[in-house]
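I have placed the structure first, in the form of structure tokens, so that the comments after it can refer back to it.
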Amino acid sequence: MPWSTSDRRSRLPKNWASLRRRVIRRDGGQCTALHSDGRRCELPGTDVDHIVPDSLGGSDDMSNLALCCAWHHRQKTGREGAAAAALTRVTSACPVEEHPALGD
């Protein structure tokens, strides 16, 4: 989600810049995401991510923040968005009609 169309920035805590610097320092400036084989991503971390999104009750506490590269952050955000959309998706069942050749 681009910042230009998001209200997320206004919902960040006032001390976000300080929290962000602390997360970058704690995580050594490297993405904390793991590859499928268990190796840690080698790319530099550029995005501070909420492990549990605030929309699901996650906090701005350091234990809920992780440093991610842009690619891993987009992947995680996309999965979370798809899961949220699936919860609100409405499905409707069409009536099942019996085929005319099967009727008695």
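Worth a mention:
- Overall, the chain carries a charge dipole of about 1000 debye about its Cα centre when +1 sits on the Cβ of Lys and Arg and -1 on the Cβ of Asp and Glu, all other atoms neutral.
- Tensor-based shape of the range 15-82 (alpha-carbon gyration tensor, a/c under 1.5 rounded, otherwise prolate or oblate): oblate
- Isolated Cys in the chain, by beta carbon distance under 4.7 Å: CYS68, CYS94
- Pair VAL90, GLN75: separation of 7 Å Cα→Cβ label points (nm): 3.5
- Packing-based order for 85-94, 45-54, using average beta carbon neighbours within 10 Å, highest first: 45-54, 85-94
- Of the residues LEU43, LEU19, LEU34, the one that moves most in a GNM of the chain with alpha-carbon contacts below 10 Å is LEU34.
- SER10/SER59 FRET efficiency (R0 25 Å; Cβ-Cβ; nearest 0.05): 0.90
- Result for the chain in a Gaussian network model with C-alpha springs under 10 Å: among ALA33, ALA17, ALA66, the largest mean-square fluctuation is at ALA17.
Read-outs throughout are calculated quantities, based only on the coordinates presented, and are distinct from any laboratory measurement. All figures in this text were calculated on a predicted structure; none of them were measured in a lab. FYI the Cβ positions are ideal-geometry reconstructions off the backbone, even for glycines, and counts take in every protein chain you see.
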